[in-house]
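Everything on this sheet refers to the single structure shown next.
Coordinate-derived values only; no laboratory data. In this text the structure is predicted, and so the values were computed from the model without any measurement. Note: ideal-geometry Cβ built from the backbone for every residue, glycine included; neighbour counts use all protein chains shown.
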Amino acid sequence: MHFLSLPDGAASLIALASPELISWAPLLAAMVMLMNAGFGLLETGLGRAKNVAHTMSMNVLVYILSMSGFFVCGYALMCGGIGSPNAAPVTGPLDAQLTAGSLVAVSIGSHAWGIFGARGLFLGSIGHSGPSASWFLLMAVFMTIGVGIPSGANIERWKIKSFVVFSFVAGAVIYPLFACWVWGGGWLAQLGINAHLGHGAVDYSGSAVVQLMGGCLAVAVTIAIGPRLGKYDETGAPRPIFGHHVPMVILGTLIIAFGWFALNCGRSIAAGDGQSGIIGMNTALASVAGALGATIYMWSRYGKPDPSVMCNGLLAGLVASSAGCAFFSPFAAFVVGGIAGILAVVGVLSLERRGIDDPVGAISVHGINGVWGTLAVGLFANGSFGDGYNGVGGPVTGLLYGGGGAQLLCQLIMVIVCIMHALGAGLLTLMIIARFEGGTNRVSPEVEIAGLDIPEMGAPGYPEFISHVGPEQIPSSQIISSR
């Protein structure tokens, strides 16, 4: 390994950053941050009343803890190499001149492949200007969305202490490393200029970096802690455990959808690339197609539309749109979103039958459709945008528009790497945490049966629902408590 850095004078390049980035970033970041509230409402509504304080608190804590980790070293690992001479030029959705970076790289053959940034711990040396501060804000809130996904998939049984440590580590190390490889000029972005695989890894707003990463971390936690008590009967067949508040679910979904326009369009506004209108249109079309696809599939197969399925379909369309929102035609965005909605329903049912207890469908919505959205770029990118993306000349063009298979192959590589990295790093982190938490990341059966609010958080979500018996007085045969 060696360090690649720019001369001291290159720091003046930061002055070239677009003024749009400086002026719009705080507002865009606030809109994306509001998505945490939407996820909190969605997850809490799909859980039971005895766990609402715990579930909502996780959505606050993940914002606090993951951003703290990102401030300490995560931003440095992710973006500290931007501007290094042998990093992939950061173009398109990023500003090309944010920092004079230092990149840790491995030399293979005649090429240096970036591994992680090595400048900017605690934002030192790169966080004291308008452009850098603005970019940190955007990248930080993007990160909190991805790192927050595991909480929804694992409500009602995750120890709060384990959750706290995991969220910090994910924001400080796990997420930033992969984000550097794609958005920080690292080796996946370099597949275009070094290996001639299309434009390298193309993920405009995070189908892989944010959504698939979060979905895979959710799988890691689910593997580590297992399903909720009572979810499966003696034969292993899944049983329904209903959420307690459908209006909360729907309101949360609409708040998330609102913030998603900042998530997707914000990258364009910050870069000043002129694509924000197209991106907003494609984001909206993909979301409604996702909701429509999920609703039609559920209605035709099971005889009734389901409000939570409708919501998950809408979110699935948003997830699938993120990677290619700047590269799709309106028709392609609608098709990609519609397929995503169906995948969300099929994914939830399939994973449930295989012992994956995901109460909110987060793994299907974010994980499976993160895969689909990332691959969709290699299929549906229409060749109208992306000249210079990751330092490669010409627009990004998918297989269905005459671009050949190189871009699709590169997208597949990105998917495989994300899955391997997130699962491996996530499971290793949880294994280490468990060694200091009595061998488990999960609450005791007695606490799970009684509800996590008082034992884990010290406060009830709904005081009028408090049981007058302690967990030790509740019979172990009572698997699903009444609300």
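Considering all alpha-carbon pairs of the chain, what whole percent are spaced by more than 36 angstrom? So the portion of pairs separated by more than 36 Å is 26 percent. P(r) tail for region 301-441: Cα pairs beyond 25 Å make up 40% of the total.
Length gained on full extension, ARG239 to VAL72: 55.8 nm, using 0.36 nm per residue less the C-alpha separation.
This ranking places ARG442, ARG354 by how few other beta-carbon atoms lie within 10 Å of each, fewest first, which gives ARG354, ARG442.
Each residue of region 118-125 was assigned a 3J(HN,Hα) from its phi angle through the Karplus expression (A = 6.51, B = -1.76, C = 1.60, θ = phi - 60°), giving 9, 8, x, 4, 6, 6, x, 6 Hz with x at Gly and Pro. For region 203-246, there are no residues whose amide N sits under 14 Å from a probe point set 7 Å from the Cα of HIS111 along the beta carbon direction.
The fewest-to-most ranking of CYS325, CYS180, CYS410 by surrounding Cβ atoms within 10 Å reads CYS410, CYS180, CYS325. Can you grab the distance from the C-alpha centre of region 198-256 to the C-alpha centre of region 366-399, Å, no decimals? Computed from Cα coordinates, the inter-centre distance equals 25 Å. The ranking of MET248, MET35, MET414 from fewest to most other beta carbons within 10 Å of each one's beta carbon is MET248, MET35, MET414.
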